[in-house]
Amino acid sequence: MTDRRQFAPATERNRGPILSILKDHLPDTGTVLEIASGSGEHAVFFAPALRPLNWQPSNYDPEQLDSVEDWLVHQPSDNLLPPVSLDVTKPVWPVETSDYGGGRITAIFNANMIHISPWQACEGLMAGAKRVLPVGGQLFLYGPFKENGQHTAPSNEKFETWLKSLDPDFAVRDIEVVCDEARKNGLEHMADHSMPANNYIHIFKKT
């Protein structure tokens, strides 16, 4: 049987610090919706450590969905839900439909998506968080960010040059601009945490 798992080396570096932040801030009950789960390595690492919360992976790319499915086979957890196909730019997400059986979404986690996607992905993420989260629900956003239009490290500037070589619509986003988009959707910036390799976690709360 073909093993469709993908492997992201950065996951081993960042998953421990990310999990520490999630444990400090996540609610005790409900379902965490992971937007853009990538390979699925975060999902299988986080879920067992966050019981009784459920963890709902999702992806837009079909090959990444396949990877998540095979990671779940290799590292199952009773609170780890089957991945769903989700396009953040759509006006309705699968977790909003009447046939969704994964429970109430009480938090959203998203890592490394808005810089390697067109800006519309960030707009869709914030709009979806407004629709899906309860009042007080939190959005956790992980990745590299600019501050006041400036890179926080030379390596991030080089990274952005590479991103733009892939697609001119990709970019390391300015956190002030991201916060403005969040505010448009009733999401207040609550905290930020410095993470390995010049990344950050920014936490937003639905007001």
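Before moving on, here are some points about what is shown:
- If the condition is being among the charged types (D, E, K, R) and either without any contact (Cβ under 8 Å) to a residue 12 or more places away in the chain or farther than 15 Å from I108 by Cα (or both), then segment 30-57 contributes E41, R51.
- Selection count where residues are over 14 Å from the mean Cα position of the chain (by Cα) and open to solvent by less than 20 Å² (accessible area, probe 1.4 Å), scope segment 81-90: 0
- Candidates V84, V73, filtered to the one that is aliphatic (A, V, I, L, M) and either within 25 Å of M190 (Cβ to Cβ) or out of contact with any strand residue (DSSP E or B) (no Cβ under 9 Å at 6 or more places or on another chain) (or both): V73
- Test set (1) open to solvent by less than 70 Å² (accessible area, probe 1.4 Å); (2) in a loop (DSSP other than H, G, I, E, B); (3) in contact with a Gly (Cβ under 8 Å, 6 or more places away or on another chain); (4) at pLDDT 95 or above - G103 fails condition number: (4)
- Only one entry in P134, P144 is in contact with a Lys or Arg (Cβ under 9 Å, 6 or more places away or on another chain), crowded, with 19+ Cβ neighbours inside 10 Å and not β-branched (V, I, T), namely P144.
- Filter result (part of a helix (DSSP H, G or I), free of Cβ contacts under 8 Å to residues at least 40 places away in the same chain and not charged (D, E, K, R)) within segment 160-207: T161, W162, S165, I175, V177, C179
- Residues within segment 1-20 that are within 14 Å of L141 (Cα to Cα) and either in contact with a Leu (Cβ under 9 Å, 6 or more places away or on another chain) or open to solvent by 20 Å² or more (accessible area, probe 1.4 Å) (or both), tallied: 3
- Test: W93 is farther than 24 Å from A8 by Cα and either touching a residue at least 12 places away in the same chain (Cβ under 8 Å) or open to solvent by less than 10 Å² (accessible area, probe 1.4 Å) (or both): yes
- Only a single criterion out of (1) among the charged types (D, E, K, R); (2) modelled with pLDDT of 95 or more; (3) farther than 24 Å from Y200 by Cβ is not satisfied by D28, namely (2).
- Of all positions in segment 68-76, at least one carries a residue that is in contact (Cβ under 8 Å) with a residue 60 or more places away in the chain and open to solvent by less than 70 Å² (accessible area, probe 1.4 Å).
The values are calculated or read from the model by the stated rules, or taken from the named source; none is laboratory data. Since the model is a prediction, treat every value here as computed from it, not as a measurement. Glycine also receives a Cβ, built like all others from the backbone with ideal geometry; neighbour counts cover every protein chain displayed. Calculation scope for accessible area: heavy atoms of the full protein, side chains included, ligands and nucleic acids excluded. Shrake-Rupley method; radii C 1.70, N 1.55, O 1.52, S 1.80 Å.
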